[in-house]
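Undergrad: Got a structure for you, questions after.
The values are calculated or read from the model by the stated rules, or taken from the named source; none is laboratory data. Predicted model only: the values in this text are computed from it and were never measured. Methodologically, a virtual Cβ is constructed for each residue, glycine included, from the backbone with ideal geometry; neighbour enumeration extends over all protein chains shown. Keep in mind that these areas ignore ligands, DNA and RNA; they rest on the heavy atoms of the full protein, side chains included. Shrake-Rupley method; radii C 1.70, N 1.55, O 1.52, S 1.80 Å.
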Amino acid sequence: MDFKFTPKEEALRKEFSDFFKEEMKNAPPEWGTAMESMLSRDACAKFHRQMAKKLGAKRWLSRPWPTEYVGQDAPLTEQFIFSEVIGYYKGAGFDHWGVSLLAPTLLVSANDEQKKEHLPYIARGERFWTQLWSEPGAGSDLASLTTRATKDGNDYVVNGQKTWTTGAHRADWGFLLARTNPAERRSRGLSFFLLDLKSPGITIKPILSLEGSHMFNEVFLDNVRIPARNRVGEENEGWMASQMTSNFERSMIELFSLLERDFEDLVEFSKKPTKGGDVPVNNPLLRNKLAQLALEIDVGRAMSYFILWSQIKGGLVVAAPMACAAKVYGTELMQRLIYAGCQIMGLYGQVGESRWAPLKGLYEREYQLCVGSNIAGGSSEIMRNIICSMGLGLPRSW
Ligand SMILES: Cc1cc2nc3c(=O)[nH]c(=O)nc-3n(C[C@H](O)[C@H](O)[C@H](O)COP(=O)(O)OP(=O)(O)OC[C@H]3O[C@@H](n4cnc5c(N)ncnc54)[C@H](O)[C@@H]3O)c2cc1C
């Protein structure tokens, strides 16, 4: 087994890293946790948009896409390296929903007109997206959703409520699942739409997180008109497109890179004397904890590399059970890392401004934020169900 990248790929990694190292010097001081910064804090949201345009100008957001849609036909491995680097810099300029989820789905499922209308904006970092799927009564069991889209002339009229909609208050457009056939209660009656969030009839209400930040929303759709040309795929066949989106979401390398970055900060903190003179790494129990975390982060990275390899060799479906495993492992590891960080830093982990607290309360904020990480994008229990059925070949239990 040879994990080495080619000299060309290593040169690319350096180019990406050099760019971010330089540009992140302009990040607002409060830039810290990935999503919380870019979605909740105005200065960070502005910086995030500026970075997106810079990445777009370099055509780095669309490298693997075909050239006719502002892409470069770059191999999957190069995109993976880009994701690895951008994860380390906490996603600055990367609209995960547009670039990672929607764009690949459009490339597979949209018609030519839709691709031409949306992909260039995503590629240039000019149009940000949100995912309008979950509802108060439909999360894990998404196929039971009840938001209704009724055909009326050349439009669909949409009524319903979405919830947990990450970043809806910052986004320009949303991709929506709605029921077009009310007689069909399950997935066969659903359609996939692209929704301009400036359309009349949309109300976005914040759901505040434990520590007070605003990342999530409830979105109410009240007689919202969507032109029929914004339906992706055939009517009542949106489930297939939505499952494509789910498959793209889960290679997880950004997360393992982000964890590595947080871990490096923790190790740096642990090497220095605290106010009372103690050096955390002199405590053998803490050293053990750090060693264990280093090991687990490396395992996670290896899982992501394996997913990349499986995707290249066998395609998205073959890689799906491993991608689910990486989602479970990565999000649960994130929680272990953050809990350990809080233990190691003690009260210094909670202090925002002090020369004794160089991480400015980052771990304490992440402690509160990471609770939802193994629910978002499919809960750990659902991921384990998929590992059982698709990975181990066990009979479905639901
Ligand atoms: C931080 C965060 C961000 C999110 N962002 C978005 C977003 O941007 N857009 C969006 O559309 N949605 C978003 N979601 C919603 C997310 O997709 C759902 O919360 C998730 O799918 C779980 O659905 P639920 O909350 O309805 O819980 P439920 O489905 O009601 O599940 C409740 C519990 O039961 C378990 N469970 C359910 N079914 C089974 C089963 N068959 N077998 C075993 N256990 C089961 C679950 O694991 C969970 O522990 C977000 C959620 C969170 C927490």
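Undergrad: Order Leu107, Leu347 by their accessible area, 1.4 angstrom probe, all chains in place, largest first.
TA: Values: Leu107 45, Leu347 130 Å².
Ranked list, largest accessible area first: Leu347, Leu107.
Undergrad: Tell me the per residue accessible area of the chain using a 1.4 Å probe; a whole number in Å² is fine. Don't skip to the end; give the middle numbers.
TA: Details: 18540 Å² over 398 residues.
Using a 1.4 Å probe on heavy atoms only, each residue of the chain averages 47 Å².
Undergrad: Per the Cauchy relation, a quarter of the hull surface: what is the mean projected area of the convex hull of the alpha carbons in the chain, in nm²? Mind dumping the intermediate values first?
TA: On the way: hull surface 81.6 nm².
Here the figure is 20.4 nm², rounded to one decimal.
Undergrad: Name the residue from Ala340, Ile312, Gly391 whose Cα lies farthest towards the positive end of the charge dipole of the chain, charges +1 on Cβ of Lys and Arg and -1 on Cβ of Asp and Glu.
TA: My answer, from the dipole projection, is Ala340.
Undergrad: Going by accessible area, probe 1.4 Å, with all protein chains left in place, what is the ranking of Leu76, Leu142, largest first?
TA: Values: Leu76 75, Leu142 20 Å².
Per-residue accessible area, sorted high to low, gives Leu76, Leu142.
Undergrad: Further, regarding this structure: Under a 1.4 angstrom probe, counting protein chains only, how are Trp309, Trp239 ranked by accessible area, largest first? It would help to have the intermediate numbers written out before the result.
TA: Details: Trp309 140, Trp239 65 Å².
Largest to smallest exposure gives the sequence Trp309, Trp239.
Undergrad: Further, regarding this structure: Can you give the Kirkwood hydrodynamic radius for region 131-238, in Å, rounded to one decimal and based on Cα pairs? Can you show the working numbers first?
TA: Numbers: mean 1/r = 0.0723 Å⁻¹.
Computed over region 131-238, the radius equals 13.8 Å.
Undergrad: How big is the dipole moment of the chain about its Cα centre under a simple scheme where the beta carbon of each Lys and Arg is +1, that of each Asp and Glu is -1, and everything else is neutral? Debye, nearest 20, please.
TA: On the way: 48 positive and 47 negative charges, 29 e Å.
It works out to roughly 140 debye.
Undergrad: Projecting each Cα onto the charge dipole of the chain (Lys/Arg +1, Asp/Glu -1 at the beta carbon, about the Cα centre), which of Leu55, Met24, Ile297 comes out farthest on the positive side?
TA: Met24
Undergrad: Using 0.36 nm per residue, how much length does the chain from Thr150 to Arg186 gain when fully extended, once their Cα-Cα distance is taken away? Walk me through the intermediate numbers first.
TA: Numbers: separation 36, 0.36 × 36 = 12.96 nm, distance 1.67 nm.
Separation in residues times 0.36 nm, less the Cα-Cα distance, equals 11.3 nm.
Undergrad: At what distance in angstrom do the alpha carbon centres of region 258-278 and region 112-165 lie from each other?
TA: After rounding, the separation between the Cα centres reads 42 Å.
Undergrad: Another question, if that's okay. Say the dipole of region 131-238 comes from +1 at the beta carbon of Lys and Arg and -1 at that of Asp and Glu; which of Ala149, Gln131, Phe193 then lies farthest toward its positive end?
TA: Ala149
Undergrad: Out of every Cα pair in region 250-391, what percent are spaced more than 21 Å from each other?
TA: In whole percent, the long-distance tail amounts to 47.
Undergrad: Only Cα pairs under 8 Å and at least 6 apart count here; give the relative contact order of region 7-94 as a rounded whole percent. Mind dumping the intermediate values first?
TA: Working: 83 pairs, mean separation 28.2, N = 88.
For region 7-94, the relative contact order is 32 percent.
Undergrad: On the protein heavy atoms, probe 1.4 angstrom, tell me the percent of accessible surface of the chain carried by carbon and sulfur.
TA: On the way: 10140 of 18540 Å².
Summing carbon and sulfur atoms, their accessible area is 55 percent of the total for the chain.
Undergrad: Continuing with the same structure: Normalised by the residues of the chain, what does the relative contact order come to in percent, with Cα pairs under 8 Å and at least six apart?
TA: Details: 664 pairs, mean separation 51.6, N = 398.
Taking the mean separation of contacting Cα pairs over the length of the chain, I get 13 percent.
Undergrad: Per-residue counts of other Cβ atoms within 10 Å, averaged by peptide: what ranking do you get for 279-289, 119-129, 10-20, 293-303, highest first? Don't jump to the answer; show the numbers that get you there.
TA: Details: 279-289: 13.5, 119-129: 21.2, 10-20: 15.4, 293-303: 17.0.
Descending mean neighbour count gives 119-129, 293-303, 10-20, 279-289.
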